[in-house]
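**Q** This is the structure I want to talk about, given as structure tokens.
The values are calculated or read from the model by the stated rules, or taken from the named source; none is laboratory data. Keep in mind it's a predicted model, so treat the numbers as computed, not measured. So basically every Cβ, Gly included, is an ideal-geometry build from the backbone, and we count neighbours across all protein chains shown. When the accessible area is computed, the model is the full protein with side chains, heavy atoms only, and any ligands, DNA or RNA have been set aside. Shrake-Rupley method; radii C 1.70, N 1.55, O 1.52, S 1.80 Å.
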Amino acid sequence: MPSSTDFFGQRNAQAVLKHGVLARYAHYFAGRAGAATQGRVAFIDGYAGEGRYEDGSPGSPLLLASQATRAEMFGREVKLAFVEQDDARRHQLQRSLEENQVEADQILGGSLELVVDGLIDRYERHAILLFVDPFGLAFSRPTLERILGRRTRQQPIDVLYHFSLSAVARMGRAGVLDGPTSGQNAAQLDAALGDINWRADFEGADDPRAPTRAALAVATRFGQSVGTTAGLPSTGVPVRQRPGQLPKYVLMLFSADPKAHWDYADVAGKAHVDWLHHCDRTDYEANIQRQEEAGLLPLFQESEPDKDEIEQQIRRDSLAYLARHITELLRSQGSLRPIDAVQGTYGDQLGLARATHVRSALKELHRQGVITDDATGDFWTRTILQA
Ligand SMILES: C[S@@+](CC[C@H](N)C(=O)[O-])C[C@H]1O[C@@H](n2cnc3c(N)ncnc32)[C@H](O)[C@@H]1O
């Protein structure tokens, strides 16, 4: 992982996925939540960064700004607020916004925790999407719960929250092992995670992947626990640097709108295709460069990565997994209403598969006589029963 000082050098693959989810969800949110507030929407980027990377890729501020412009075309008026604590980065952010003719409503310094309430007061009667994307664990649980607790019908508030598995894995491990900093790590985790028993997950974890697995279990409980306190569900999608690797963080949606969770899974699945394509392209280009540097002339030119092939592979994998998974789910619990159980419906394919794949898997189960529902129309709102 790059250090926080070179973070804005080259955008890494995991940021491609994060940004794919963010941009798509912001577009969706402006449409759906903005309909309930007569078109008034605010995007708050709480850990904004520099606006763009040195390699020219847009960071979250420019992505949110372009979604704001897009949303104007369907009658939304989107206010943009950016918070960046670091002075040098905030000045760079200002320059990035100016270069792209983006007019922000607010560009604030200081810590997000100190200014977020003022922003929520300012955007009264707006639908607010708050993006919380710190390095590590920066945002405290009480602040998260307080912000979510401020939502009303006139001011819906969704939070897209970066839950750092790397930080929790590192600190959780140190927190249960003897070491000079363990007390500090444990205290920091207690403050960030609140009243969930994270220690049990890290005890006895000795293989190298165990801390990340423990952090994933903690992330799920954290989402549920915050959701219970704030009275809304959470849905988390894992973000990896590369396919096959353990995830580095979970992008968690907190929203009171059940349909938003269902659609969030779909949004994440679409971003996943772009991310896979990005990873394949990076490998392909690195390979060509290696061959050129070595003066090699390959007998057969390797074909460029193809998005359609990636789509087909995901479809095959998703259908096989979902048909099996949903059959088992129905066997154990008798019924399933997908919109109430987004994580349960997708299982391990959450963030990889999309609603179209769930529909196809259910249609196949209907054809085989496993379920009564034919999976047409808004199948996610219906209770699916075993035949
Ligand atoms: C992971 S980077 C943000 C990346 C950005 N969201 C993107 O996707 O392009 C985190 C940023 O948060 C800033 N930061 C750290 N602590 C902060 C705080 N308490 N309040 C606001 N910003 C903070 C850091 O200086 C850094 O620029």
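**Q** Just the number, please: percent antiparallel of the DSSP beta bridges in the chain, rounded to the nearest 5. Mind showing how you got there, number by number?
**A** Working: 16 of 35 bridges.
Expressed as a percentage, antiparallel bridges in the chain total about 45.
**Q** Looking at region 27-117, send over the antiparallel percent of its DSSP beta bridges, to the nearest 5.
**A** Working: 1 of 10 bridges.
Bridges in region 27-117 that DSSP calls antiparallel: roughly 10 percent.
**Q** Let me ask something additional. Of Pro298, Pro134, Pro211, which is the most mobile in a GNM of the chain whose springs link Cα atoms less than 10 angstrom apart?
**A** Fluctuation is largest for Pro298.
**Q** Under the classification rounded if a/c is under 1.5, otherwise prolate if a/b is larger than b/c and oblate if not, where does the chain fall, given a ≥ b ≥ c as square roots of the Cα gyration tensor eigenvalues?
**A** Rounded.
**Q** Would you kindly derive the ³J(HN,Hα) couplings of region 381-387 from the backbone phi angles with the Karplus curve 6.51 cos²θ - 1.76 cosθ + 1.60 (θ = phi - 60°), listing them in order in whole Hz, with x for Gly and Pro?
**A** Going residue by residue, I get 8, 9, 8, 8, 10, 5, 5 Hz, with x marking Gly and Pro.
**Q** Same structure again: Suppose all protein chains stay in the model; what accessible area per residue would a 1.4 Å probe give for the chain, in Å²? Mind dumping the intermediate values first?
**A** Numbers: 18030 Å² over 387 residues.
In whole numbers, the chain has 47 Å² accessible per residue.
**Q** Moving on. Express the carbon and sulfur contribution to the solvent-accessible surface of the chain as a percent, rounded to the nearest whole number, probe 1.4 angstrom.
**A** 48
**Q** If we sort 42-49, 24-31, 97-104 on the protection proxy, mean other Cβ atoms within 10 Å, highest first, what's the order? Could the numbers behind the result be given before it?
**A** Numbers: 42-49: 27.4, 24-31: 22.5, 97-104: 14.8.
Top of the packing list down: 42-49, 24-31, 97-104.
**Q** Apply the Karplus parameterisation 6.51 cos²θ - 1.76 cosθ + 1.60, with θ equal to phi minus 60°, to every residue of region 316-332 and state each ³J(HN,Hα) to the nearest whole Hz, in sequence, with x for glycine and proline.
**A** Result, rounded to whole Hz: 4, 4, 5, 4, 4, 5, 5, 4, 5, 5, 5, 4, 5, 4, 5, 4, 7.
**Q** What is the magnitude of the charge dipole of region 172-313 about its Cα centre, with +1 placed on the Cβ of each Lys and Arg, -1 on the Cβ of each Asp and Glu, and no other charges, expressed in debye to the nearest 20?
**A** Charge dipole of region 172-313: 600 debye, to the nearest 20.
**Q** Still on this structure, I have one more. When the chain is treated as a GNM, springs tying every alpha-carbon pair under 10 Å, which of Gly149, Gly109, Gly204 comes out with the largest mean-square fluctuation?
**A** Largest GNM mean-square fluctuation: Gly204.
**Q** Mind checking the full-extension length gain between Gln291 and Asn197? Use 0.36 nm per residue of separation minus the Cα-Cα distance, one decimal, nm. Before the final figure, lay out each step's value.
**A** Details: separation 94, 0.36 × 94 = 33.84 nm, distance 5.14 nm.
Gain in length upon complete extension: 28.7 nm.
**Q** List the aspartates and glutamates whose Cα lies under 13 Å from the Cα of Lys270, skipping any in the same chain that are fewer than 8 positions away.
**A** The qualifying aspartates and glutamates are Asp308, Glu311.
**Q** Where nothing but the Cβ of Lys and Arg (+1) and of Asp and Glu (-1) is charged, how large is the charge dipole of region 240-370 around its Cα centre, in debye to the nearest 20?
**A** Once rounded to the nearest 20, the dipole reads 760 debye.
**Q** Using packing as a proxy for protection, rank 157-165, 328-336 so that the peptide with the highest average count of other Cβ atoms within 10 Å comes first.
**A** Taking the mean over residues of other Cβ atoms within 10 Å, the ranking is 157-165, 328-336.
**Q** So if R0 is 35 Å, what FRET efficiency would Arg95 and Glu304 give, r being the distance between their Cβ atoms, rounded to the nearest 0.05?
**A** Using R0 = 35 Å, I get an efficiency of 0.50.
**Q** Now for a separate question. Given the Cα-Cα distance of Ser335 and Arg70 and 0.36 nm per residue of separation, how much length would full extension add, in nm?
**A** That pair, Ser335 and Arg70, stretches by 91.4 nm at full extension.
**Q** Could I ask something else about it? Could you check which residue among Leu177, Leu17, Leu216 shows the biggest mean-square fluctuation in a GNM of the chain with a 10 Å Cα cutoff?
**A** Leu177
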